[in-house]
1. Which ones in the range 139-179 are over 20 Å from the mean Cα position of the chain (by Cα) and either open to solvent by less than 20 Å² (accessible area, probe 1.4 Å) or farther than 23 Å from A237 by Cα (or both)?
2. Out of the residues in the range 1-22 that are assigned to a helix (DSSP H, G or I) and out of contact with any Phe, Trp or Tyr (no Cβ under 9 Å at 6 or more places or on another chain), state the one that is surrounded by the fewest Cβ atoms within 10 Å (Cβ to Cβ).
3. Return the pairs, sorted by first residue and then second, in which the second residue is in a helix (DSSP H, G or I) and near the ligand (Cβ under 6 Å from one of its atoms), the first residue lies in the range 34-48 and is within 20 Å of P65 (Cβ to Cβ) and open to solvent by 20 Å² or more (accessible area, probe 1.4 Å), the beta carbons are less than 9 Å apart, and the residues are 6+ apart or on different chains.
4. Can you report the number of residues in the range 62-91 which are within 12 Å of the ligand (Cβ to nearest atom) and either under 16 Å from K152 (Cβ atoms) or in contact with a Pro (Cβ under 8 Å, 6 or more places away or on another chain) (or both)?
5. Going by the structure shown, is E134 of a type in the set (D, E) and within 16 Å of the ligand (Cβ to nearest atom)?
6. Given the criterion within 22 Å of H6 (Cα to Cα), buried (at least 19 other Cβ atoms within 10 Å of the Cβ) and more than 13 Å from the ligand (Cβ to nearest atom), identify the matching residue among A117, A107.
7. Is at least one residue of the range 180-191 at pLDDT 95 or above, open to solvent by less than 20 Å² (accessible area, probe 1.4 Å) and away from the ligand (no atom under 12 Å from the Cβ)?
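The values are calculated or read from the model by the stated rules, or taken from the named source; none is laboratory data. Owing to the predicted nature of the structure, the values given are computational and were not obtained by experimental measurement. Here the Cβ is made from the backbone with ideal geometry for all residues, glycine too, and neighbour counts use every protein chain on show. Heavy atoms of the whole protein, side chains included, go into the accessibility calculation; ligands, DNA and RNA do not. Shrake-Rupley method; radii C 1.70, N 1.55, O 1.52, S 1.80 Å.
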Amino acid sequence: MSDAPHAIVTGGAGFVGSHLVDSLLEDGFEVTSLDNFGSGRSANLEHIDTPRFESLEHDVREPFPDLGRVDYVFHFASRASPKDFESHAVEIALTNSEGTHNALEFARKNDARTVLASTSEVYGDPEVHPQHEEYNGNVNVRGPRAPYDESKRFSEALARAFQQQYDIDIRTVRIFNTYGPRMRPDDGRVIPNFLSQALRDDDLTIYGDGTQTRSFCYVSDLVSGIRSFADADPSVAAGEVINLGSTHEIEIRELAEVITEVLDTRSGTVHRESPEDDPQLRRPDLERAQSLLGWEPMVGLEDGIERTAEYFAEELESE
Ligand SMILES: NC(=O)c1ccc[n+]([C@@H]2O[C@H](COP(=O)([O-])OP(=O)(O)OC[C@H]3O[C@@H](n4cnc5c(N)ncnc54)[C@H](O)[C@@H]3O)[C@@H](O)[C@H]2O)c1
């Protein structure tokens, strides 16, 4: 192994993980991806052509293999699509509990700086808006989203316990809705749904009346935030939790309009019943990320949608 820093990315074959892998490789890291290819795809890593990268098939619910010297652990493995919250409920709950335990033990053994991927879902259906990091959330422990939401909350609590008991450097990112190339067209999240439908001139399916809001962050912005958080000095960042996302909040029915305009499609909209516990409002308070990292998202929604649509058009063509 060279002198370059060695980073482990769990979930490296997934949407966010594969972009993170690219960014680390661009900056000269050695990178090992651990992924069980449940929702990730080897195609997301096919373009990589450097001996500094290795992709291993590994389920994080199993103890991690010995990977030599390790400097960073980015723990991003977990299905994240609401479509999977019920069909893969136990797998998700265990990935974010046993899987996180294995990742943290591995980080402890290697004395590696760790970034844990958490989610805005820890705020549930929030009663505080926008959501800042001190808000404790409003999660239905018995609802259909609970296997994901509650196991991510447990992941955070376990990280905090490791930080306290073993004094290792763990940083937690609460990621708000992020989109971009390499999302799966059938992923079930709203932007892949709308884009797949718009590209086929099908009507866009809106759940509920469409007045529920989300704030969408383009993936390159998210990755730059994750990287600067990982690089930040331990005196300000060790043990911290920050929100990362976009503050540009729009209603889902407005998003449908943006997508039909950008794609110039003949699609209309159809409404279906809203799923149980669907959060009504979502917008991060980014003050902490801004003051700690000087970070803010740069890519506008129309621009990001155009770039993502190009990728989806190619994906749908090759089907
Ligand atoms: N994309 C978003 O908007 C968003 C929002 C909040 C949080 N997150 C978090 O970011 C991370 C990545 O999400 P994503 O959107 O890229 O989803 P994704 O499904 O594209 O990626 C998840 C990756 O983890 C892998 N994985 C799942 N369970 C595993 C296991 N038990 N062992 C090994 N690998 C496993 C999958 O195969 C996949 O490659 C997740 O932790 C997710 O909770 C994402």
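1. Those that are over 20 Å from the mean Cα position of the chain (by Cα) and either open to solvent by less than 20 Å² (accessible area, probe 1.4 Å) or farther than 23 Å from A237 by Cα (or both): N140, V141, R142, G143, F162, I168.
2. Our first condition is that a residue be assigned to a helix (DSSP H, G or I); within the range 1-22, this holds for 15-22.
With out of contact with any Phe, Trp or Tyr (no Cβ under 9 Å at 6 or more places or on another chain) added as a condition, the list becomes 18-19, 22.
Details: S18: 29, H19: 21, D22: 19.
Applying the filter and picking the extreme gives D22.
3. Once the first residue is within 20 Å of P65 (Cβ to Cβ) and open to solvent by 20 Å² or more (accessible area, probe 1.4 Å) and sits in the range 34-48, its partners that are in a helix (DSSP H, G or I) and near the ligand (Cβ under 6 Å from one of its atoms) give N36/T95; G38/T95.
4. 14
5. On the way: of a type in the set (D, E): yes; within 16 Å of the ligand (Cβ to nearest atom): no.
It is false that E134 is of a type in the set (D, E) and within 16 Å of the ligand (Cβ to nearest atom).
6. Working: A117 fails: more than 13 Å from the ligand (Cβ to nearest atom).
When all the criteria are applied, what remains is A107.
7. no
Listed here are the residues, each with its yes/no results for (1) of a type in the set (G, A, S); (2) farther than 21 Å from S120 by Cα; (3) within 22 Å of the chain's Cα centre (by Cα); (4) at pLDDT below 95.
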site	(1), (2), (3), (4)
F216	no, no, yes, no
I226	no, no, yes, no
A238	yes, no, yes, no
V241	no, no, yes, no
S246	yes, no, yes, no
R282	no, no, yes, yes
L286	no, no, yes, no
